[in-house]
């Protein structure tokens, strides 16, 4: 066989093979059903909190001021130390007040002696008047002199008490117990009664207050949710305190006071939290943050954040899978985050299966293969 015949034969075989291949090409396999992960929603109890800024303030504050004037003879405390109520803090020069008290004591003794003599005269006058040996006028004069002597004793006793009170004021005592600051006067300084400058300041630091501010708009929203029954009151729940470095304070506080008026300049109102402070770690003026419980919900519905999608207008929606494995899109409303989940307001119900993984693989009315995921445990609630 010549080479030309061989070439023609091979060309024919190749052409036949190509025609056979084109005519018998197998169709492409159908794409597989996409696999997605879902979480079945269940209601659960949740405590909602709000983190608020605050300042520490003392539980009690007392400014020590003199009630009588004089020279400071001695300071009886150590600056920065702890003092107890009634403890002596300053001793003023009390020589003049002591002399006044002694003078008043002597005046009282004289008035008492006069009273005793007047009583005797009145008694004799009464006997003589009964025997008609003196006139009725003389008897009445004796009785009036007795009443005057009794009044003089009362005046002298009151004057002595006043002098003794002034003498006691010369020794200045602590009105409350707590931590005392530095003294504004030294030994030998002249002080006057009720002066503007305090001698020292005492602050009670255990327990201690944390003063917070919250927006009045949040208060209105909270009251609406309470009235609607979506939340229960949480006034008895503890308040967590966070220090300036972000660490949690060892002792929780309790809500002690809520102001009844709103500051027109800031649109906020004040809350006061009482906190134990045995180690005096919290100091007046310190900045802290407080996690305040604003309400409780026993039937809260939480959905993972990965299940919520947003459209161009900011609306929220989620992909759901029904019992037949078909996908549907549903609009939802979420209010706030609780840990790594959204708190659902409307749009979802307990028992719904929401897609948390593989949302990019699905479209409406498509069928999917479902892998169940366990719901995440409840995290620390946040406002």
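Show me, bin by bin at 5 Å from 0, the whole-percent P(r) of segment 94-168 based on Cα pairs.
Going out from 0 Å in 5 Å bins, segment 94-168 shows 3, 19, 18, 14, 13, 9, 9, 6, 5, 3, 1, 0 percent.
Taking all pairs of different Cα atoms in segment 270-383, averaging 1/r and flipping that mean, what Kirkwood radius in angstroms comes out?
On the way: mean 1/r = 0.0586 Å⁻¹.
Computed over segment 270-383, the radius equals 17.1 Å.
Gap in Å between the Cα centre of segment 150-164 and the Cα centre of segment 251-265?
That distance is 50 Å.
R0 = 56 Å: FRET efficiency of residue 280 with residue 374, Cβ-based, nearest 0.05?
On the way: r = 45 Å, r/R0 = 0.81.
The formula returns an efficiency of 0.80 here.
Highest first, please rank the peptides 340-350, 292-302, 104-114 by the mean number of other Cβ atoms sitting within 10 Å of their residues. Mind dumping the intermediate values first?
Values: 340-350: 17.3, 292-302: 19.1, 104-114: 15.6.
Result, highest mean first: 292-302, 340-350, 104-114.
In percent, what relative contact order does segment 94-168 have, based on Cα pairs under 8 Å that are 6 or more apart in sequence? Spell out each step's value before the answer.
Working: 55 pairs, mean separation 40.4, N = 75.
RCO, segment 94-168: 54 percent.
Bear in mind these aren't lab numbers, they're just calculated from the coordinates by the rules spelled out. From a predicted model like this one, the values you see are computed outputs, not experimental measurements. Reconstructed Cβ throughout: ideal geometry from the backbone, glycine too, with neighbour counts over all protein chains shown.
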